[in-house]
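These notes are about the structure you will find just below.
The values are calculated or read from the model by the stated rules, or taken from the named source; none is laboratory data. This one's a predicted model, so the numbers in the text were calculated from it and none came from an experiment. Here the Cβ positions follow ideal geometry from the backbone for every residue, glycine too, while neighbour counts run over all protein chains shown. Quick note on the areas: whole protein, heavy atoms, side chains included, nothing else; ligands and nucleic acids left out. Shrake-Rupley method; radii C 1.70, N 1.55, O 1.52, S 1.80 Å.
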Amino acid sequence: MLKVPFLDLRLHHEPLLTEVREAFDEVIDSCAFAGGRFVEQFEGEFAAFCEAKHALGVANGTDALWAALFAVGVKSGDEVITVASTFMATVEAITHCGAKPVFVDIDERTYTMNPALLEAAITPRTRAIVPVHLFGQPADMDPILAIARRHGLAVVEDACQAHGARYKNRPVGTLGDAGCFSFYPGKNLGAFGEAGGVVTNRDDVADFIRLFRDHGQRKKYDHVLDGWNARMDGLQGAVLSIKLKHLARGNELRRRHAAVYDELLRELPVVRPVVAPGVEPVFHIYAIRVAGRDLVLNAMAEAGVSCGIHYPVPVHRMKAYEHLGVPAGSLPVSETCAEGFLSLPMFPELTQPQLVRVAEALAGTLALSEECAG
Ligand SMILES: *Cc1c(COP(=O)(O)O)cnc(C)c1O
């Protein structure tokens, strides 16, 4: 029986390994381990890829979000509006600025921030908005940006799942004041360890992050602000330069696989992803929604197909955020979607027989659960 992994990084890396090992030798020979010229080279390349004026390498995507929020002026006592249908890190970045996360619900088709709910969440304390380009699909940025402008709010994009995605032909990350990326190994552009980045067209934001990530040092031991150690490793900069060259092709293959899934799953009782008009997604995740999700997940695993759940519990329902007092039922779309989300295998190297196998396994699983129910 053909097995289908959720993700196969080894297969993705294999053709690149000779080049990566040579690059690692160069980093080792030059001892440019923390920041340095390999990081700077990647920053130039990633800025060009994102059509941004600046790209700053940092230690991980969570630090990228945290530094960017500080850079746009978020501070203790502020409120920052975001979504609960995201990875925990989006919200941690807000609370670790001393600010209070305020959640708005998502659109039930695109799973991104519903701009129609935004205005009602704004208070005199609101400082910034953090839309999340979840699963690699850009949030509906034009109305979000218009509302932000009207109220004098900063917009920090969580683009950690959306490297290379486009909104009305503009690359994500450059639409707001700053865009934050994760290069965690499993992301569309992944390092060989932890790494992240911020892109921005604002000189002041870039200057702040350049200082912040290096203990606020203007030059050695001249600390002009209370910063942090959030530098990117030289080894990660080197591998990211190599992998960036394959990102556009990988994204194209993901879109092709998504189109094949769309076709193969057409007759099944599942909700398939909806791509909003004018948007070019990058399918970091291909998430469907299905009844009896946990049973389906297990049955798929038994059939040799590894699926995932992104994410089983919306952030406001996590124990960590109990103290925010956001009751169950207050974000109905986020909560309902979380119960049904099932992420199918998605990575550039998936083969046609594997895609067919996933669809067959899903059809078999759903037919079986229907029989049980009947
Ligand atoms: C991965 C991810 C992050 C955090 O990135 P790390 O590099 O793991 O710190 C933040 N937000 C979203 C939506 C992510 O998927």
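Among the listed pairs 75/319; 53/168; 100/219, which have their C-alpha atoms separated by more than 30 angstrom in this model? Where the Cα-Cα span goes over 30 Å, the pairs concerned are 100/219.
Note on the chain: with charges restricted to the Cβ of Lys and Arg (+1) and Asp and Glu (-1), its dipole about the Cα centre is near 460 debye.
The relative contact order of the chain, computed from alpha carbon pairs under 8 Å that lie at least 6 residues apart in sequence, is 22 percent. Our note on the geometry: Cα centres of region 139-206 and region 1-70, 17 Å apart. Placing dummy labels 7 Å off each Cα toward the beta-carbon, the span from residue 351 to residue 10 is 1.6 nm.
Between 72, 6, 329, the Cα set farthest toward the positive side of the dipole of the chain (charges on each charged residue's Cβ, about the Cα centre) is that of 72.
Got a number for carbon plus sulfur as a percent of the chain's accessible area, 1.4 Å probe? Mind showing how you got there, number by number?
Details: 8710 of 16200 Å².
C and S fraction of accessible area: 54 percent.
The Cα atoms of region 1-106 give a gyration tensor whose axes a ≥ b ≥ c have a/c of 1.5 or more with a/b no greater than b/c, which makes the shape oblate. Of the trypsin sites (Lys or Arg not before Pro) found in region 123-199, those that fall in a DSSP loop while having at most 15 other beta-carbon atoms within 10 Å are 125, 168.
Between 173, 230, 48, the Cα set farthest toward the positive side of the dipole of region 9-244 (charges on each charged residue's Cβ, about the Cα centre) is that of 173. The GluC sites (Glu not before Pro) found in region 210-284 that occupy coil by DSSP, while having at most 15 further C-beta atoms within 10 Å, are 267.
Across the options 16, 94, 28, the greatest Cα extent toward the positive end of the charge dipole of region 9-244 (unit charges at beta carbon of Lys, Arg, Asp, Glu) belongs to 94.
Packing order of peptides 109-117, 65-73, highest average first: 65-73, 109-117 (average count of other Cβ atoms within 10 Å over each peptide's residues).
Going by average Cβ density within 10 Å per residue, which order do the peptides 28-39, 234-245, 340-351 take, highest to lowest? Walk me through the intermediate numbers first.
Numbers: 28-39: 16.2, 234-245: 22.7, 340-351: 20.6.
By packing density, highest mean first, the sequence is 234-245, 340-351, 28-39.
Summarised in one figure, the compactness ratio Rg/Rh of the chain, Cα atoms and Kirkwood Rh, is 0.98. Model label sites at residue 17 and residue 339, defined 7 Å from Cα along the beta-carbon direction, differ in position by 4.6 nm.
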